[in-house]
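The values are calculated or read from the model by the stated rules, or taken from the named source; none is laboratory data. Keep in mind it's a predicted model, so treat the numbers as computed, not measured. A quick note on method: Cβ atoms are made from the backbone with ideal geometry, for glycine too, and the neighbour counts reach across all protein chains shown. Heads up: the accessible areas ignore ligands, DNA and RNA and are worked out on the full protein's heavy atoms, side chains in. Shrake-Rupley method; radii C 1.70, N 1.55, O 1.52, S 1.80 Å.
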Amino acid sequence: MNDVRFALRQLRKSPAFTVTALATVAICLGANLAIFAVIDSVLLRPLPFPNAEQLVTIFNTYSKAGVENDGSSITNYYERRGNIPAFSSLSIYYREGSEVVGESGSTEQTEVLRISPEFFTTLGSGPVMGRSFNEAEADVAENNGVAIVTDAFWRQRLNSDPNVLGRDIRVNTMPRKIVGVLPPDFRFLSSEARLYLPIRTRLEERTPKQRHSGGGGTHMIARLKPGATIADAQAQIDAHNAAVEKDNPEAKMMAEAGFRSPVLPLHADHVRSIRPTLLLMQGGVFFLLLIGAVNLVNLLLIRASGRAKEVAIRQSMGASRRHVVNQVMVETILLTLVGGLLGLVVGAWGIRLLDLLGADRLPLGARIAFDGWLALIGLVGAVGLGIVIAVPIAWFNLSSHLAHALQSESRTGTISRAAQRLRHGFIVAQIALAFVLLAGAALLGSSLKKVMAVSPGFRADHVLTGEFTVPFTYDARPILDRLLEAIGQQPGVGAAGAITNVPLSGQSGKSAVTPKGYVPPAGQSLQGHYSYQVTGDYFTALGIPLREGRFLTSADSHRADRVCVVDEDFAWRYWPNGGALGQRIFQGSDSDDAKLFTIVGVVGAVKQAELTEPQGQGAVYLPFIDSYGINIFVVTRTSQRPEAFAETLRKLVRAANPDLAIDNLRSMDTRIADSLIARRSPAMLAGIFASVALVLAAIGTYGVLSYAVAQRRREIGIRMALGAQRSQIGTQFLSLGLRLLAAGTILGLIGAWLAGRAMQNILFEVPTLPIATLLGTALVMTAVSLVACLIPTRRATKVDPVVAVRAE
């Protein structure tokens, strides 16, 4: 306690130093806590299910056909269920998006997940009231009039009714009996589902012919038996696939497409897309912590140099080396611990900032929170940081020469060369680390700029989009005809259309669409392409250009002969010399002439999944034919601000049919912005971290040079009294700063090159060694460091020889 009280007195005596040190620790530690909160919630914390490490996902991939994840088919489910020894349970789920819930005239779109009966058994968590589904309820569509609701839906929509079991709710105009209520904390991955319904399966969907019809919508999960490994499950799945494909006439074609069914940990697969970005951000903010720690060590070394005589006197009066070390440890740990407490506040603010930047929309992002576990990690980290920082300070105090320290008033009192090299080495490291952070931020910013410059293939301005579900009891075509006609009559509306999926919605999937008679060249396989149903003036509303032929219209949905429109990527792939118009194509494996589509138009290519997707994906637009029980996006181009038309669109949808409700109302500009969250947020955060690192590097350089001037004040006075020019004195100190800057820049260039290589997976059209970016970074570092050098250098040239010598 004596050491604590003494440390507090010392810190109070140097308020400028104390405030600077506390701010450094708080900012650097708080930033690390905020990013670690995301890492912990998304990557490290297991899924909230018993023995979550046993949960795996299985999907079909056709790598050579450009389809990386096609989900699993209903046939896969029935063929694999009970036939894979490594699994104790296997189930599927299908995300249909939102569906219509409520009584006619007061319906709303509600997120729904359709599941197989074993779903909750596989997860190891199920209803706390009631039961799960049984086989009879999931057998065919006509027998599945039941539902399981979340705790939030039960409380908000059903008023926490204790007698809710057996109560009916209306879903897609059909009554469903509630058979279960889930626990309050239940959430499946990143799903926002509030209703769970039995998955619809028909006998024709279970045939071998439908084995490869996943389409990206149906997903399979399983639980490993105790003792079973993923390698065991993978070997068994591979053997099972080989056995069932043996008599399949399409087996050769599937093999050529690279068909395989990977078995992956459920958690790892769900966060796979965001993992590199999060690890990069944690690495960047850890660099910031290193810079802060180096800055703090330099400040403490300078402070220790000023107190060298005090420590020497105490040692000469009998203070042990252990006592000196203890005092340094207590003072440093106290400093970082208080800074850590402030860092908890900064971390909490940082998490709120991350929410504003869209962290809650990351996979598992809803779990991000500041809790007691995170606070404990922050405080333990602060203590650990204090111990690490105290080591060089204690070494400096113990290595000081007592006689030189005691004679400091009559001599120069200069410190040892080793201590000087240590301080200079820390400055070089600080500049190098700041250079790497600044270069990394510039790379991310350059990548984001290039992504934003990519044309999406449509005009996003003044376009409003919304999504609704047409129940199975209604044919969507007459509803859409009435709705689009009503929208077109509104003032300011230029065009309106509908499609089963708008670009950049996050729901894009590919399917097999092939020209009649097409045989892929040797070494190639059939390709998957985007396929959508459209009606109305969709292409005009979204501003997609026409290249050849004509657009589809509402009348095409009612024609006896089937027609379609393809994009220029699809047309170029199959008819590079032109001639796509009039060609006939088919979906899936059904090439019956009666089901062929004739191409009547070619439109511009659109970025469907993301702005960075490569060219040549290909898209096919079909008229609304199978229009029962589907999700539809309405696209409206208006002369006013798109959001201002949202309420009118809600009313028009309700007027078209009182059983419908529209949600997910967003402008296309907003959809583009949302699609860039995973790139924009890291770029903004990296810029913030780099700015802080730049300030810390400048403070460190300034502190070291300022102390060097103060330490050699008497020497400067004597040299100037003997005739030294002020320019010579200034050049000496400026050259020291420039040498430190040069050494740090060289190391920083190497680090930036390594960082650029590590970031290639998340950068877009940015080279590993961007010369312009590195030169720009070097110029910024040089400018900031020169300012930090020039202030103490100028102070050195202003030393009055008489005052300097008399002061000694």
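Rounding to the nearest 20 debye, state how big the charge dipole of region 318-368 is about its Cα centre with +1 on each Lys and Arg Cβ and -1 on each Asp and Glu Cβ.
Charge dipole of region 318-368: 160 debye, to the nearest 20.
Tally up the carbon and sulfur contribution to the accessible surface of region 661-709 as a whole percent, 1.4 Å probe, everything protein left in place.
Within region 661-709, the accessible surface is 69 percent carbon and sulfur.
Using each residue's phi in region 177-190, evaluate 6.51 cos²θ - 1.76 cosθ + 1.60 at θ = phi - 60° and report the 3J(HN,Hα) Karplus result to the nearest Hz, with x for Gly and Pro.
Per-residue couplings from phi come out as 8, 6, 10, x, 10, 7, x, x, 9, 6, 7, 8, 6, 9 Hz.
Please name which of 39, 62, 117 has its Cα lying farthest along the dipole of region 1-160 towards the positive end, using unit charges on Cβ (Lys, Arg +1; Asp, Glu -1) and the Cα centre as origin.
The residue sitting most towards the positive pole is 39.
Looking at the square roots a ≥ b ≥ c of the eigenvalues of the Cα gyration tensor of region 123-261, which shape do they give, rounded for a/c under 1.5, prolate if a/b is larger than b/c, or oblate?
prolate
How high is the FRET efficiency between residue 550 and residue 248 when r is their beta carbon distance and R₀ equals 45 Å, given to the nearest 0.05?
Efficiency at R0 = 45 Å is approximately 0.70.
Counting helices only, and only those DSSP H runs with n ≥ 4, report the 222 nm mean residue ellipticity of the chain as the sum of -39,500 (n - 2.57) divided by its residues, in deg cm²/dmol to the nearest 500.
When only DSSP H runs of four or more count, the value is -15500 deg cm²/dmol.
Arranged from highest to lowest average of other beta-carbon atoms within 10 Å per residue, in what order do the peptides 737-743, 37-43, 632-638, 225-231 appear?
Packing order, densest peptide first, comes out as 632-638, 37-43, 737-743, 225-231.
So for region 612-683, taking the charge dipole from beta-carbon charges (+1 Lys/Arg, -1 Asp/Glu), which of 620, 655, 681 sits furthest toward the positive end?
Among 620, 655, 681, the one farthest towards the positive end of the dipole of region 612-683 is 681.
To the nearest Å, what is the center-to-center distance of region 562-607 and region 1-79, using C-alpha atoms only?
Region 562-607 and region 1-79 have Cα centres spaced 47 Å from each other.
Show the residues, 5+ positions off or on another chain, whose built amide H is closer than 5 Å to the amide H of residue 583.
Amide H neighbours of residue 583: 599.
Rounded to whole Hz and in sequence order, give me ³J(HN,Hα) for region 65-81 from the Karplus expression 6.51 cos²θ - 1.76 cosθ + 1.60, θ = phi - 60°, writing x for Gly and Pro.
Once θ is set to phi - 60°, the couplings for region 65-81 become 9, x, 10, 7, 8, 9, x, 10, 9, 4, 4, 3, 4, 6, 6, 8, 4 Hz.
Across region 729-794, how large is the tail of the calculated P(r) beyond 14 Å, expressed as a percent of all Cα pairs?
63 percent
Could you list which residues have their amide H under 5 Å from that of residue 667, counting only those 5 or more apart in sequence or on another chain, with H placed in the peptide plane?
For residue 667, the qualifying residues are 465.
Can you tell me, using C-alpha contacts under 8 Å and at least 6 residues apart, the relative contact order of region 88-241 as a whole percent?
Relative contact order of region 88-241: 32 percent.
What are the membrane-span-like helices in the chain by this rule: whole DSSP H runs, Cα extent along the axis at least 24 Å, mean Kyte-Doolittle hydropathy at least 0.5?
Those that clear 24 Å and a mean of 0.5 are 15-39, 275-306, 321-356, 372-399, 417-452, 677-711, 726-758, 771-797.
Return the carbon/sulfur percentage of the accessible area of region 76-136, one whole number, probe 1.4 Å, all protein chains in place.
Of the solvent-accessible surface of region 76-136, carbon and sulfur hold 48 percent.
Run the dipole for the chain about the Cα centre, Lys and Arg Cβ at +1, Asp and Glu Cβ at -1, nothing else charged, and hand back the magnitude in debye, nearest 20.
4500 debye
Residues with amide H under 5 Å of residue 71's amide H, sequence separation 5 or more or different chain, H placed in the peptide plane at 1.01 Å from N; which?
Residues meeting the amide H criterion: 60, 216.
Using only the Cα atoms of region 104-199, build the gyration tensor, take square roots of its eigenvalues as a ≥ b ≥ c, and label the shape rounded, prolate or oblate: rounded if a/c is under 1.5, else prolate if a/b is larger than b/c, else oblate.
Rounded.
Going by the alpha-carbon gyration tensor, a ≥ b ≥ c the square roots of its eigenvalues, is the chain rounded (a/c under 1.5) or, if a/c is not under 1.5, prolate (a/b greater than b/c) versus oblate?
Since a/c reaches 1.5 and a/b is larger than b/c, the shape of the chain is classed as prolate.
May I ask you to rank 322, 303 by accessible area, largest first, using a 1.4 Å probe over the protein chains only?
The most accessible residue leads, giving 322, 303.
Once the dipole of the chain is set up with Lys and Arg at +1 and Asp and Glu at -1 on Cβ about the Cα centre, which of 2, 471, 164 lies farthest towards its positive end?
Going by the charge dipole, the pick is 2.
Pairs of alpha-carbon atoms within less than 8 angstrom and 6+ residues apart define the contacts here; what relative contact order does region 1-157 have, in percent?
This gives 12 percent for region 1-157.
With every protein chain present, what is the per residue accessible area of the chain (1.4 Å probe, Å²)?
With the other protein chains kept in place, the chain gives 43 Å² per residue.
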